[in-house]
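Notes for the one structure printed next.
What follows draws every value from the coordinates through simple rules; no lab data is involved. Computed from a predicted model, the values in this text were never measured in an experiment. FYI the Cβ positions are ideal-geometry reconstructions off the backbone, even for glycines, and counts take in every protein chain you see.
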Amino acid sequence: MKKTNLFLLIILIIIIAACAVFLYSNKNIQQNNQTAQTNEIKIEDKKITDNTKPFKIDISYPYIAGLDDFNKKVQDIINKELTDFKTNSLENDAAVKSVDPESYTKYPREYDLNIGYDKGEVDNEIISIVFNVYNFEGGAHGASYFIPLNYNPKIKQEIKLADLFPNQPNYLKTISDFCIKDLTKQLTSSGGIEMTDANWIERGAGPAEENFQFFLANKNNIVFYFPQYQVAAYAAGDFKVTYPR
């Protein structure tokens, strides 16, 4: 009888211990989930539109609550693009009006600014954004270009390409070889190869840091942006190369 009671007591202790372990583990899981939700970075789209003549402005840009330094960097980029666009457009508009007022009255000018953005990796160590800008400020045609913002929210500093390749002194050469091969293939398949040559591609995608300043970091790859004129003539357009990490 005593042996039976002892056995039942041991079983009861084991059950109580198992329940305590389960409750403790479940509490830790909930705490970790709450921490992950607290640390989650959510990007909110902000917009600016202005169709006041002679402007046609449409801008989308990212905003992250609580990251004031990042938001300021974004705002500085947007403000500069807006200021430069309006200044240049109004100067060109005044010049056209002065040279040919009759034509200007019949055919009023319109100036466009469009800004959107691509979003890459977004976490507690990197927020990767590339702005896509198109503007028409007068002249023969508009211009398209890119503005990157790769930012580490933990240390509040912008990330350079070299930061993604620590202890890899030849990373630029490796990236360059990959991009030259990929760009040549793209240009050949699109017929744009007639608007460039091997020297132009090698100049624009050679192993120099400035050739790869426009990049979007993702978990599994890095997308490099090559704006108009960098590797081929304007008519060939811009190019992107996806490089595996």
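Pick from E210, E137, E125 the residue whose mean-square fluctuation is largest in a GNM of the chain, springs joining Cα atoms under 10 Å.
Its mean-square fluctuation being the largest, the pick is E210.
Search the structure for amide H atoms under 5 Å from the amide H of F239, placed 1.01 Å from N in the peptide plane, and list their residues when 5 or more places away or on another chain.
Long-range HN contacts for F239: F226.
Would you calculate the separation in nanometres between label points at M195 and Y104, each defined as 7 Å from the Cα along the Cα-to-beta-carbon direction?
3.3
At 7 Å along the Cα-to-beta-carbon direction for both N170 and I41, put a label point, then send me their distance in nm to one decimal.
Taking the simple label geometry, N170 and I41 are separated by 3.2 nm.
So if I take the centroid of the Cα atoms in the range 113-131 and the same for the range 52-81, what is the distance between those two points in Å?
Centre-to-centre (Cα) distance: 12 Å.
Mind jotting down the three principal axis lengths of the range 160-245 based on Cα atoms? Whole angstrom, largest first.
39, 23, 17
In the structure shown, do any of K181/K219; K42/K160; K86/K219 have a Cα-Cα gap over 31 Å, and if so which?
K86/K219
When DSSP assigns beta bridges and you keep just the ones with both residues in the chain, what percent turn out antiparallel, to the nearest 5?
Percentage antiparallel, nearest 5: 90.
Taking N as the number of residues in the range 41-159, what is its Cα Rg relative to 2.2 N^0.38 Å?
Here the Cα radius of gyration is 1.28 times the empirical estimate.
Straight-line reach from K185: which lysines have Cα under 23 Å away, leaving out those fewer than 8 places along the same chain?
K173, K240
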